[in-house]
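The values are calculated or read from the model by the stated rules, or taken from the named source; none is laboratory data. Keep in mind that this is a model prediction, so the values were computed, not measured. Reconstructed Cβ throughout: ideal geometry from the backbone, glycine too, with neighbour counts over all protein chains shown.
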């Protein structure tokens, strides 16, 4: 079975049995505190970094954070914390 097909099966099972929160399933985990702090886990790297936009690679997804005065508060293997005035968080398929 191709990797993408297996991933889709796992996501379907998680949806069917409401398993969200028990594992990452290869997806990024985001924890937002108000409009000032965002923790992103299960990420692969930084695509773009600036005071108004930070884009992150996370498997087949890209996480974009837009706002003002954005900065990396902390970074560890596979996780990153952003602080600043967060206005928008979006996820898109990588390459789009």
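Looking at (1) surrounded by fewer than 14 Cβ atoms within 10 Å (Cβ to Cβ); (2) at pLDDT 95 or above; (3) closer than 27 Å to residue 8 by Cβ, which is the one condition that is false for residue 87?
Checking residue 87 against (1) surrounded by fewer than 14 Cβ atoms within 10 Å (Cβ to Cβ); (2) at pLDDT 95 or above; (3) closer than 27 Å to residue 8 by Cβ, the one that fails is (3).
Across region 35-52, which residue is surrounded by the fewest Cβ atoms within 10 Å (Cβ to Cβ) among those that are in contact (Cβ under 8 Å) with a residue 40 or more places away in the chain and farther than 11 Å from residue 79 by Cα?
Ranking the candidates gives 35 first.
Would you check which residues across region 69-94 are out of contact with any strand residue (DSSP E or B) (no Cβ under 6 Å at 6 or more places or on another chain) and in a loop (DSSP other than H, G, I, E, B) and list them?
Passing the criteria: 77, 78.
Looking only at region 67-82, count how many residues are farther than 14 Å from residue 30 by Cβ and either surrounded by fewer than 16 Cβ atoms within 10 Å (Cβ to Cβ) or without any contact (Cβ under 8 Å) to a residue 24 or more places away in the chain (or both).
10
Whether any residue in region 4-20 is within 30 Å of residue 85 (Cβ to Cβ) and at pLDDT below 90 is what I want to check.
Checked against the condition, which is being within 30 Å of residue 85 (Cβ to Cβ) and at pLDDT below 90, region 4-20 yields at least one hit.
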